[in-house]
Amino acid sequence: MPGLRREELAVLAGLSADYYSRLEQGRQANVSTSVLDALARALRLDEVERAHLRDLADPAARHSGGDPYAVQRPAPGLIRVMRTLDHTPVLLLGCAGRILARNALLAEVLGRPLEPGSSFVRYLFQDPVARERIANWSHFAAATLAVLRREMARRPYDDRLAGLVNELRTADRDVARWWDEHAVVDFRSVSKRIEHPVAGPMIFDIDHVSAPDEPEQHLVIYTTDPDSPTAQVLPMLASWSAARRA
C-alpha cells in the first residue's frame, strides 16, 4: 500500500522483516500459500490481485511444458458464436492480444481491417486511428496494459509477450507511466466510446466470453442497449460496410 514501509508490511503480515526482504528480492524459494494469503490481506488485495501474487510467487507452475510459440487456432465454438452476432462488432483475441478472428462490423467501427494474425495491442497503442476513433482511449489503453501485466504473470516464459510490453513502454511515456503503476486486472466488462466519421458518437459495453477448453481465447463482444442511438445506427453502418465490400 502507498506509504507503507517494508517493516510495517512485514508486521501486518506476521512475518519477520528479514523474511519479507528475501521475498521482495526473490531470494526466498517455496513460498507457502498461508504466507501469500497473509501478504494479500495486509495489502488489501482483491481476488485478481491475489491470483496475480500467486502467479508471481511460483512462475514455474504457470509453465504448461507446451510450445509457447505454437500458432493458436480459433476455437470452433467461439467462431460459431461470433457468426451469430453479425449485428454487433465482435473480435476473437488470443494470447498477447493476437487477433484470431473478427467480423466485418468490428473493422468498420474501429477503422482498420484488423486481419487475423495481426496485433490488436499494436493497433491500440501504435495506430493513430485508434486514438482518433476511441474517445476514451486513455482509460481503455490503461486497462489493456493492466490485462497484459496479468497475462505476463501467467506466461513468464513467453519472450514475445515480454518484448511487446517493452516495445510499448519504450515508445510511449504514458504507457511507461501506466506500467510502473503496477495495476493488474483480468478481462472484464468496460465501456468504449467511439467517434465514427459516418455514424457519429457510439457507446458500447465490451464483454468477454471464453470457452472452458480454450481459456486463453476471448470473444470480445461490443454490446449496446437495444433502444440506444448506437443500436439504431448499427444496421445502417453494417449495410454501408457490406455495400463497400460488394
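What the table shows:
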item: Region 72-90 - residue that is hydrophobic (A, V, I, L, M, F, W, C) and assigned to a loop (DSSP other than H, G, I, E, B) and, of those, surrounded by the fewest Cβ atoms within 10 Å (Cβ to Cβ); result: Leu85
item: Region 176-194, subset touching an Asp or Glu at 6+ places or on another chain (Cβ under 7 Å) and touching a residue at least 24 places away in the same chain (Cβ under 8 Å), residue nearest to Glu151 (Cα to Cα); result: Val184
item: Any hit, region 122-137, residues being open to solvent by 70 Å² or more (accessible area, probe 1.4 Å) and at pLDDT below 90; result: no
item: Residue check for Val90: modelled with pLDDT of 95 or more and in contact with a helix residue (DSSP H, G or I) (Cβ under 8 Å, 6 or more places away or on another chain); result: yes
item: Residues of region 207-229 that turn out to be open to solvent by 60 Å² or more (accessible area, probe 1.4 Å), part of a loop (DSSP other than H, G, I, E, B) and in contact (Cβ under 8 Å) with a residue 12 or more places away in the chain, as a count; result: 1
item: Selection within region 156-206 - small (Gly, Ala, Ser) and either surrounded by fewer than 17 Cβ atoms within 10 Å (Cβ to Cβ) or within 16 Å of Cys95 (Cα to Cα) (or both); result: Ala162, Gly163, Ala171, Ala176, Ala183, Ser189, Ser191, Gly200
item: Filter result (open to solvent by 40 Å² or more (accessible area, probe 1.4 Å) and either in a loop (DSSP other than H, G, I, E, B) or at pLDDT below 70 (or both)) within region 23-42; result: Glu24, Gln25, Gly26, Arg27, Gln28, Ala29, Asn30, Ser32
item: Tabulated pairs, region 117-131, first over 20 Å from Arg193 (Cβ atoms), second open to solvent by 10 Å² or more (accessible area, probe 1.4 Å) and of a type in the set (D, E, K, R), C-beta under 8 angstrom, 6+ apart or interchain; result: Gly117/Arg98; Ser118/Arg98; Ser119/Arg98
item: Count - residues of region 230-246 that are open to solvent by 40 Å² or more (accessible area, probe 1.4 Å) and without any contact (Cβ under 8 Å) to a residue 12 or more places away in the chain; result: 5
item: Residue match in region 144-152 (condition: outside any loop (DSSP other than H, G, I, E, B) and out of contact with any helix residue (DSSP H, G or I) (no Cβ under 9 Å at 6 or more places or on another chain)); result: no
item: Arg102 being closer than 23 Å to Ala143 by Cα, among the basic types (Lys, Arg), crowded, with 16+ Cβ neighbours inside 10 Å and modelled with pLDDT under 95; result: no
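The values are calculated or read from the model by the stated rules, or taken from the named source; none is laboratory data. Bear in mind the structure is a predicted one, so any value in this text is a computation, not a measurement. Every residue, glycine as well, gets a Cβ built from its backbone with ideal geometry; the counts of neighbours run over all protein chains shown. Note: accessible area is taken over every heavy atom of the protein model, side chains too, but ligands, DNA and RNA are not part of it. Shrake-Rupley method; radii C 1.70, N 1.55, O 1.52, S 1.80 Å.
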